[in-house]
Amino acid sequence: MGSKFLKVTGILMIIFGSIALIIAIMALLGLGVLEAMGAPMGLLWASGIIALLGAVAEFVAGIIGVVNWNKPNKANICIGWGIAVAAMCVISNIFTLIGYPENFNVFSLLTGLVIPVLYLIGAFKNKKLG
């Protein structure tokens, strides 16, 4: 059960990581336009880079989960990547809370953590199989 759970959540992370990667790249390109118009950009660039790093981490974690779904001895690698993805989600929401508190939404934080937490559950179940 644990290994199949890791495989399924890994596939979901690949899908959503790919989508997030495209959106993050588009957002960074859009920031260039805002900067050219004279908008204050420090926090926006930092947020955009965090979003890009989070998307890459989610995509990589998904691939690692799918590749190692039936290898309990590789579960710690999956756990590490799952924690990294969850941490990037939290950091991204902290940036939103600091810079744009009116746009902060607890529901957004929780939905952003659903797949990484499910991935971690699958990785821990896979670890128990070893």
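The values are calculated or read from the model by the stated rules, or taken from the named source; none is laboratory data. Quick caveat: nothing in here was measured; it's all calculated off a predicted structure. For neighbour counting, all protein chains shown are included, and Cβ atoms are generated from backbone atoms with ideal geometry for every residue, glycine included. Side chains are part of the model used for accessible areas, which takes the heavy atoms of the whole protein and leaves out ligands, DNA and RNA. Shrake-Rupley method; radii C 1.70, N 1.55, O 1.52, S 1.80 Å.
Summary of computed values
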{"read-out": "Selected residue (criterion: most open to solvent (accessible area, probe 1.4 Å)) from residues of region 85-99 that are of a type outside the set (S, T, Y) and more than 9 Å from the chain's Cα centre (by Cα)", "value": "I98"}
{"read-out": "Residue match in region 72-82 (condition: aliphatic (A, V, I, L, M) and surrounded by fewer than 16 Cβ atoms within 10 Å (Cβ to Cβ))", "value": "no"}
{"read-out": "Residues being open to solvent by less than 40 Å² (accessible area, probe 1.4 Å) and not charged (D, E, K, R) - total across region 52-65", "value": "7"}
{"read-out": "Residue among V8, V33 that alone is open to solvent by 60 Å² or more (accessible area, probe 1.4 Å), hydrophobic (A, V, I, L, M, F, W, C) and farther than 28 Å from G65 by Cβ", "value": "V33"}
{"read-out": "Qualifying residue in region 5-21 (condition: farther than 30 Å from K125 by Cα and not in a loop (DSSP other than H, G, I, E, B))", "value": "no"}
{"read-out": "Selection from region 101-121 of residues that are open to solvent by less than 70 Å² (accessible area, probe 1.4 Å) and touching a Ser or Thr at 6+ places or on another chain (Cβ under 7 Å)", "value": "F104, I115, L118, Y119"}
{"read-out": "Options G30, G48; residue that is in a helix (DSSP H, G or I), modelled with pLDDT of 85 or more and within 17 Å of the chain's Cα centre (by Cα)", "value": "G48"}
{"read-out": "Test for I77: is it free of Cβ contacts under 8 Å to residues at least 24 places away in the same chain and within 19 Å of F5 (Cα to Cα)", "value": "yes"}
{"read-out": "Subset of region 56-86 [at pLDDT below 95 and either among the basic types (K, R) or farther than 18 Å from N126 by Cβ (or both)]", "value": "K71, K74"}
{"read-out": "Test: F16 is among the aromatic types (F, W, Y), at pLDDT 85 or above, within 10 Å of the chain's Cα centre (by Cα) and open to solvent by less than 80 Å² (accessible area, probe 1.4 Å)", "value": "no"}
{"read-out": "Selection count, region 34-45, where residues are modelled with pLDDT of 80 or more and either more than 23 Å from the chain's Cα centre (by Cα) or part of a loop (DSSP other than H, G, I, E, B) (or both)", "value": "0"}
